[in-house]
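The values are calculated or read from the model by the stated rules, or taken from the named source; none is laboratory data. In this text the structure is predicted, and so the values were computed from the model without any measurement. Cβ placement follows ideal geometry from the backbone for every residue including glycine, while neighbour counts extend to all protein chains displayed.
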Amino acid sequence: MANGAKISATVITGFLGAGKTTLVRHLLENAGGRRIALIINEFGDVGIDGGLLRGCGEELCRDEDIVELANGCICCTVADDFLPTMTKLIERDHAPDHIVIETSGLALPQPLVKAFGWPEIRARVTVDGVVAVVDAAAVAEGRFAADEGAIDAQRRADDSLDHESPLHELFEDQLISADMVLLNKADLVDAPSLARIEADLKKEVRPGVRFVHAENGRIDANILLGLAAAAEDDLEHRKSHHELEGEEEHDHDDFESFVVALGLQNDRKALLARIAATIRDHDILRLKGFVALDGADARLVVQAVGPRLSAYFDRPWAGGEERTSSLVVIGEKGLDSAAITARLAG
Ligand SMILES: [Zn+2]
């Protein structure tokens, strides 16, 4: 089955206080027509996140779309809590378009992503992306979170927790599993510190994983959702640490996108290689669109986030439909659209 037919799931990691709940609330309020279901792994200060979200009063935050897993760490209770909850959500009459999973931050992301490989889940859901939310203000001061004591209390409150990883290891796990890193509370940190944090954290993520900045979790839902990372197929790469990457400058917090129109393409492999090279060289956050291939009766959907690129045929061309190729390029302001367009055209 093509990825397009599966429900996408986004896993949001990050410690207590990093701003996950504000981010999720912002996503729900700016879902752009997506029906988002939310699984919150809340324990310790039980129910606070769920209460905040239920209070949003929007039609998009329907109670039935918000599930709280309050019985302990989501990765330790995968079989008892997480899988049955997922099954219930996807078997509903009105299944959600997108499932967002907010972990407590104590959870190990890898076993959670692995759970998406279970046959009954895998057939219906794909991990669209793992987003690590980082408290930039805390990290700038050499800590992992604004209140590390609260995280320890959260840990003690969970009897089911069967891993005792120190915070720095959990933090590394969150980063190595991430398809995108959100530096939250960026407004509380000066530009040189933010650049230093980003350069440091880049040593912990997989090569090419993008960093975005936000205040109060305010970020375009189109940047976070729809990453098409299929993380469940890519577990191996989330273990290998310390691939260094060239430092990149992010002077602007705003995003822009533009469309590159390409004609009929005759070499799928060469085109995908060109796209991958363009993303690498131009600091593109995401790229998506469809391609008309010479000799193919279906259109090729192309989706890329950071270093990962996927391509599949989604539907046949309709009779009389013009066979053209169109790619949307998304990045932070300042993209060199002329150079990118020329490069993609080959
Ligand atoms: Zn766990």
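Determine whether the stretch 94-101 contains at least one residue that is modelled with pLDDT under 85, away from the ligand (no atom under 16 Å from the Cβ) and surrounded by fewer than 18 Cβ atoms within 10 Å (Cβ to Cβ). Yes, the stretch 94-101 has at least one match. Inspect the stretch 46-61 for any residue being at pLDDT below 85, in contact with a helix residue (DSSP H, G or I) (Cβ under 7 Å, 6 or more places away or on another chain), closer than 21 Å to Pro109 by Cβ and within 16 Å of the ligand (Cβ to nearest atom) and give the result as yes or no. Looking through the stretch 46-61, none of the residues is at pLDDT below 85, in contact with a helix residue (DSSP H, G or I) (Cβ under 7 Å, 6 or more places away or on another chain), closer than 21 Å to Pro109 by Cβ and within 16 Å of the ligand (Cβ to nearest atom).
When the criteria are applied in full, Ala298 meets the requirement of being free of Cβ contacts under 8 Å to residues at least 24 places away in the same chain and farther than 20 Å from Ala342 by Cα. Scanning the stretch 69-120 for residues that are touching a strand residue (DSSP E or B) at 6+ places or on another chain (Cβ under 7 Å), of a type in the set (A, V, I, L, M) and assigned to a loop (DSSP other than H, G, I, E, B), we see that the one that is farthest from Ile176 (Cα to Cα) is Ala95. Annotation: of all residues in the stretch 171-187 being touching a residue at least 60 places away in the same chain (Cβ under 8 Å) and part of a strand (DSSP E or B), the one that is surrounded by the fewest Cβ atoms within 10 Å (Cβ to Cβ) is Met180. Limited to the stretch 293-346, what total is found for residues that are of a type in the set (A, V, I, L, M, F, W, C) and under 20 Å from Val212 (Cβ atoms)? Residues that pass the stated criteria total 8. Away from the ligand (no atom under 16 Å from the Cβ), farther than 24 Å from Ser310 by Cβ and either modelled with pLDDT under 85 or under 20 Å from the mean Cα position of the chain (by Cα) (or both): does that describe Asp135? Answer is yes for this residue. Count of the stretch 121-167 residues, restricted to those that are part of a helix (DSSP H, G or I) and over 25 Å from Phe211 (Cα atoms), is 9.
For Glu164, only one of the following conditions fails: (1) within 14 Å of the ligand (Cβ to nearest atom); (2) of a type in the set (Asp, Glu); (3) touching a residue at least 60 places away in the same chain (Cβ under 8 Å); (4) over 18 Å from Lys20 (Cβ atoms). What is its number? Tallying (1) within 14 Å of the ligand (Cβ to nearest atom); (2) of a type in the set (Asp, Glu); (3) touching a residue at least 60 places away in the same chain (Cβ under 8 Å); (4) over 18 Å from Lys20 (Cβ atoms), Glu164 fails exactly one: (3). Residue selection: Val291 fails the criterion of being closer than 18 Å to Asn222 by Cβ and either in contact (Cβ under 8 Å) with a residue 24 or more places away in the chain or in the same structural domain as Arg206 (by TED's automatic domain parsing) (or both).
In the stretch 291-305, which residue that is among the β-branched types (Val, Ile, Thr) and modelled with pLDDT under 90 is nearest to Leu227 (Cα to Cα)? If we take residues in the stretch 291-305 being among the β-branched types (Val, Ile, Thr) and modelled with pLDDT under 90, then Val305 is nearest to Leu227 (Cα to Cα). Filtering the stretch 144-161 to residues that are within 16 Å of the ligand (Cβ to nearest atom) and either within 20 Å of Val133 (Cα to Cα) or of a type outside the set (S, T, N, Q) (or both) leaves Ile151, Asp152, Gln154, Arg155, Arg156, Ala157, Asp158, Asp159, Leu161. Only one entry of Pro109, Pro119 meets the criterion of being at pLDDT below 90 and loosely packed, with under 15 Cβ neighbours inside 10 Å, and that entry is Pro119. Of the residues making up the stretch 259-314, those that are acidic (Asp, Glu) and either under 20 Å from Asp233 (Cβ atoms) or touching a Leu at 6+ places or on another chain (Cβ under 8 Å) (or both) are Asp283, Asp294, Asp314. Name the residues in the stretch 1-20 that are within 15 Å of the chain's Cα centre (by Cα) and not in a loop (DSSP other than H, G, I, E, B), would you? Matches in the stretch 1-20: Ile7, Ser8, Ala9, Thr10, Val11, Ile12, Thr13, Lys20.
Please work out if Ala140 is within 30 Å of Gln303 (Cα to Cα), surrounded by fewer than 20 Cβ atoms within 10 Å (Cβ to Cβ), without any contact (Cβ under 8 Å) to a residue 60 or more places away in the chain and away from the ligand (no atom under 16 Å from the Cβ).
When the stated conditions are applied, Ala140 does not pass them.
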